[in-house]
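Below is one structure, written out as structure tokens; the observations come after it.
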Amino acid sequence: MESIGRCLTLYGFIPRTLCAERVSSLMPGSLRGDGDPLDICVISERPIYRNEILVNARVIGGLPMCDHGEADDKIVAVIEDDPIWSKVDDISEMPQALIDRLMHYFLTYKLEPNKPQNVTIGNPYGFEHAASVIEAAIADYHEEFGANPEKRKIAT
């Protein structure tokens, strides 16, 4: 969990997704996907308790982050029963100051002294494009690991 200003955010990944060729093709200027599951940042104003391993969240958009030539989109969602954000359907409905804080966080959270910074974030995108990015990440995952990876046998 991170605090962006006074707003609480949960930062994790979407299971069974992979940022690879299809995700990269949706981001002009990227050379490839980052090879990781798709990142998600869930915004909330309500307390998140320790027993809430899973929360019901609704995707509202995303941030197109390119990290050293790799597509590393940040999907943005809100908790469905949040007292402030539950009515938001698209990232364009969020306060610009909150989006600016998210963008600043993702531009700076990996900074290392005396190392080149080659991270950019384009304009935030809404739900429709976020859905396309998620679908592409699911397709990249299926291509890499198959539709049902837990059913595959591992040689021992």
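The values are calculated or read from the model by the stated rules, or taken from the named source; none is laboratory data. Nothing here was measured: the structure is a model prediction, and the numbers come from that model. We place every Cβ from the backbone using ideal geometry, glycine too, and count neighbours over all the protein chains shown.
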Which of the numbered conditions does R58 fail, given that it passes all the others? Conditions: (1) part of a loop (DSSP other than H, G, I, E, B); (2) within 24 Å of L26 (Cβ to Cβ); (3) among the basic types (K, R).
(1)
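Residues checked against (1) of a type in the set (A, V, I, L, M); (2) closer than 19 Å to E144 by Cβ; (3) part of a loop (DSSP other than H, G, I, E, B):
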site: T9; (1), (2), (3): no, no, no
site: D36; (1), (2), (3): no, yes, yes
site: I43; (1), (2), (3): yes, no, no
site: P47; (1), (2), (3): no, no, yes
site: G62; (1), (2), (3): no, no, no
site: V78; (1), (2), (3): yes, no, no
site: W85; (1), (2), (3): no, no, yes
site: L98; (1), (2), (3): yes, no, no
Restricting attention to region 117-136, does a residue exist that is assigned to a loop (DSSP other than H, G, I, E, B) and modelled with pLDDT under 95?
yes
From the set of residues in region 69-83 that are modelled with pLDDT of 95 or more and not charged (D, E, K, R), which is surrounded by the fewest Cβ atoms within 10 Å (Cβ to Cβ)?
G69
Which one of the conditions (1) within 15 Å of the chain's Cα centre (by Cα); (2) among the hydrophobic types (A, V, I, L, M, F, W, C); (3) surrounded by 19 or more Cβ atoms within 10 Å (Cβ to Cβ); (4) closer than 14 Å to T9 by Cβ does M103 fail to meet, given that it meets all the rest?
(3)
